[in-house]
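Let me give you the structure first, and then I'll get to my questions.
The values are calculated or read from the model by the stated rules, or taken from the named source; none is laboratory data. None of these values were measured; they are calculated from a predicted model. Here Cβ is always computed from backbone atoms with ideal geometry, including for glycine, and neighbour counts include all displayed protein chains. Protein only, heavy atoms only, side chains kept; ligands, DNA and RNA dropped before computing areas. Shrake-Rupley method; radii C 1.70, N 1.55, O 1.52, S 1.80 Å.
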Amino acid sequence: MIDALSPDKLRISCNPEIFGCDDSMGVSPLQTIIGQTKALRALQFGMDIANKGFNIYVSGAPGTGKKTAVERYLHKIARDRPTPPDWCYVNNFQESYRPKAISLPAGRGRIFKRQVDRFVEAARSEIGKAFESEEYIAKRNSTIKEIQQQKENLITRINERAQKQGFVIQPTPMGLVTIPMKDNRPLTEEEFRAMDKKEQNAIRRKQKTLNEKMKETGRQMVAMERKTQEMIENLDREIASYTLDSLLEDLKKNFRDIPEVVRFLEDMRNDMLENLAMFRAEEGQQNLPPGIPPGMPMVPRDDIRFRKYLVNVVVDNTDLKGAPIIMELNPSYYNLFGRIEKEAMLGALFTDFTMIRAGSIHRANGGYLILPVEDVLRNYFSWESLKRSIRNHEITIEELAERLGYMTTRWLTPEAIPWNVKVVLIGEPYLYYRLYELDPDFRDLFKVKADFDTVMERNEENMKYYGAFVCSLCQEEGLKHLDKHAMAKVVEHSSRLASDQGKLSTRFGDISDIVREASFYASEEKAPLVNVSHIKGAIEQRFTRSSLMLEKIRELISAGIIKIDIDGSRVGQVNGLSIIDMGDIMFGRPNKITASIGLGREGLIDIEREAKLGGPIHTKAVLILSGYLAHQYAQDKPLSLSARLVFEQSYTGIEGDSASCAELYALLSGLSGVPIRQGIAVTGSVNQKGEVQAIGGVNEKIEGFFGVCKEQGFNGEQGVMIPASNVRNLVLNDEVVDAVKNGYFKIWGVSTIDEGIEILTGKKAGRRKADGSFEKGTINQLVDAQLRALTEKWMTFSNGGSPKGK
């Protein structure tokens, strides 16, 4: 019979001296990402490769520090990358509904906007002054006077001609009319009618000729008016052009290396020359959008007429050093791709290019964008638009309603900006596999996977890194520092989280919470440093706060409502161990497993499966037991038995194979008639060859049974039997280890069913002899004999005899 495990096998300690200091203040803060060598290589590859589609999916369990690690790594490399340009939107003077995007070197966008603002203000002021200058007024009056003189000359000539022909020209509401004269006075209608026809016709012919001349003179006067207007406009353009050119000279010189800016300045100059009337608006006059009647109560945020000359800097990288790193934790469509804001005026919405606002993608252009994939997927249009932007290599700002086809109103369509973003999605592994399986675009657009592990090797280097991590956390969050023994306890707890003596957990979120809580307890005690008791208290309290269900279960066991025997021996009955996962905590509890044996050919019947409470893995495990029985005992006879296995007082689903060893022990006890010690609980799975296999949650299961034994009282014979392959996973709490040291509690690691049945029954399992039989008086011999007897009885019964052979 194998011996129980020694206390030193139940937990691995950390030597506080490895940190080389007395407390975490003496440790250098963490400067690197620890325990994720493979993920870092993938990140480095993904960041360095510039080909299309090599964006990155960072995969890992929650709490492994993926987000912080990615941020730190990107900050490390981004500062050496070139700073991306600024982006501005300006008016498209040819098509105002399609604003133009202009790229300028980092920092020059702000300068460009400021200088254009100054230019517009100066233009408004200087052009107004130019139009009020004496020189301009003199030239304008001279031009008008010259044309006016020509018009007067035409009128004089036509009047002289009319007088020579006996007519006078008089103005009427219907225009100029010619009236015949007689004796230097106009003829009356009666006098004209009194004339003979010949004389009337002569006057009419002269009048017609004169009217034709008057029409020609009128056309000449209209032409003169038009010429006057053109001359005044040319004068205005000449004066304004000189003013604008002098104002634009320095601005063009400052941005002559950017052709798009020079073209915009030329277009702006030409538009100003075409709209000089704006610059003559009276001071303080209210300027309204087109179509809004004057006198309406409005408070525009600026002079709307001059907005078209402004510059909208949507991305300003003036203060940025290196490539941008943007983490968008709320990746809605508008937060990612920007929006076009509107102003309400008289119940209608008004917008222009100055109300275009950038999104996270614009700010990340030329750098890195970090997105939580689960939140992106919750926003369907964010995900689809993100993929489209990566595919098309452009960033487009558009209204969501327009994309859906709900909007028919004419709206702004800003020019797209070229895409230059490395996207880093952060999420859990299952989302990666689901996307890879169901979304064909995903595998083409996110070709690099950086997989963050939940554990790392427990070696001296990594334990020192843990001390550096604690130092960084305390410095960043203003926590109390830990003494060396507290740091060692944190390392030991890390192994507990990893459930492996040779590993450390990379769930730094959980570790950080322990340190924060311990710092709180130290502050309450006014202790200068966090010590071991504070770390232990934090660990225990985190568990205790969520352990109400565990306490209720133990109360029911202590009261005898849930029947669990922890002393004495029973045939066909064993204590199995199961895990209850509450999400924030996980704990173990014992379950009574019983087996009943009878005559029949049904074989093993899993009552949990028949009641539809057993999951597929548990069902498989029970079927493996049939394979074990066939392999071990049915080499020289058929199996004829009816055995039923059940978890007593279990009213919820059963899943997993970790109770298959316990079920087999109960079955062997029932067949052999040898009782099992009830003070020993069992966990482990088994294969058809009788080999005991590893299971999960071994620490929680042991501590769960230990807690039940503690409440009901130790008798020195209690303990837990686990797979030998799980011994390396033992990181038990101090209370269990102390009980083992004092002989109150035992833990065995077994490799085979034979080893386990010997511990449970105190009887040899028995080897198979050369003739195929087992050693007499052993468990295997008793089981084999019982199965043979059952087979013989069944054959007698099936041949027409009674079960007793009579």
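Sort through Val58, Val70 and tell me the only one that's open to solvent by less than 60 Å² (accessible area, probe 1.4 Å), under 14 Å from Val424 (Cα atoms) and part of a strand (DSSP E or B).
It is Val58.
Oh, and also: Starting from the stretch 510-534, take each residue that is touching a residue at least 60 places away in the same chain (Cβ under 8 Å) and within 17 Å of Val491 (Cβ to Cβ) and list its partners that are open to solvent by 20 Å² or more (accessible area, probe 1.4 Å) and in a loop (DSSP other than H, G, I, E, B), counting only C-beta distances under 7 angstrom and pairs at least six apart or across chains.
Asp510/Gly63; Leu529/Lys480; Leu529/His481
Do the conditions hold for Met463, that is, is it touching a helix residue (DSSP H, G or I) at 6+ places or on another chain (Cβ under 6 Å) and not in a helix (DSSP H, G or I)? If you could, list the steps in order and put the result at the bottom.
Numbers: touching a helix residue (DSSP H, G or I) at 6+ places or on another chain (Cβ under 6 Å): yes; not in a helix (DSSP H, G or I): no.
No: the conditions fail for Met463.
Per-residue answers, yes or no, for (1) free of Cβ contacts under 8 Å to residues at least 12 places away in the same chain; (2) open to solvent by 10 Å² or more (accessible area, probe 1.4 Å); (3) assigned to a strand (DSSP E or B):
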| position | (1), (2), (3) |
| --- | --- |
| Ser626 | no, yes, no |
| Pro638 | no, yes, no |
| Ala643 | no, no, yes |
| Ser650 | no, yes, no |
| Asp657 | no, yes, no |
| Leu671 | no, no, no |
| Gln688 | no, yes, no |
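What pairs come out if I take residues in the stretch 744-758 that are over 12 Å from Val686 (Cβ atoms) and pair them with residues that are part of a strand (DSSP E or B) and of a type in the set (Val, Ile, Thr) whose C-beta lies under 6 Å away, six or more apart or interchain?
Sorted first by the residue in the stretch 744-758, then by its partner, the pairs are Ile747/Val720; Gly749/Ile722.
More than 27 Å from Ala630 (Cα to Cα) and assigned to a strand (DSSP E or B): which single residue out of Lys701, Lys746 fits that description?
That would be Lys746, the only listed residue that is more than 27 Å from Ala630 (Cα to Cα) and assigned to a strand (DSSP E or B).
Give the stretch 556-591 a look and list any residue that's open to solvent by 30 Å² or more (accessible area, probe 1.4 Å), farther than 30 Å from Pro62 by Cβ and in contact (Cβ under 8 Å) with a residue 12 or more places away in the chain, or say none.
Passing the criteria: Ser558, Lys563, Asp565, Asp567, Gly568, Ser569, Arg570, Val571.
Return the residue satisfying two criteria in turn: it lies in the stretch 24-41 and is open to solvent by 20 Å² or more (accessible area, probe 1.4 Å) and part of a helix (DSSP H, G or I), and of such residues it is nearest to Arg458 (Cα to Cα).
Here the answer is Thr37.
Now for a separate question. Run down Glu190, Glu146, Glu134 and say which single residue is open to solvent by 70 Å² or more (accessible area, probe 1.4 Å), over 30 Å from Met272 (Cα atoms) and at pLDDT 75 or above.
Matching residue, one of Glu190, Glu146, Glu134: Glu190.
Checking Glu735 against (1) closer than 27 Å to Thr619 by Cβ; (2) touching a helix residue (DSSP H, G or I) at 6+ places or on another chain (Cβ under 8 Å); (3) open to solvent by 40 Å² or more (accessible area, probe 1.4 Å); (4) not aromatic (Phe, Trp, Tyr), which single condition isn't satisfied?
(1)
Given the criteria closer than 15 Å to Ile676 by Cβ and of a type outside the set (A, V, I, L, M), does Gln541 qualify?
Here the answer is no, as Gln541 does not meet what is asked.
Another one. For the stretch 625-660, give me the residue count where each residue is under 44 Å from the mean Cα position of the chain (by Cα) and closer than 18 Å to Pro723 by Cβ.
The total comes to 5.
In the set Leu276, Leu265, which member is modelled with pLDDT of 90 or more and closer than 21 Å to Gln94 by Cα?
Residue meeting the stated conditions: Leu265.
Tell me which strands (runs of 3 or more DSSP E) are completely within the stretch 344-433 and hold 2 or more residues being open to solvent by 20 Å² or more (accessible area, probe 1.4 Å) and over 20 Å from Met327 (Cα atoms), or say none if there are none.
In the stretch 344-433, the matching strands (runs of 3 or more DSSP E) lie at 348-350.
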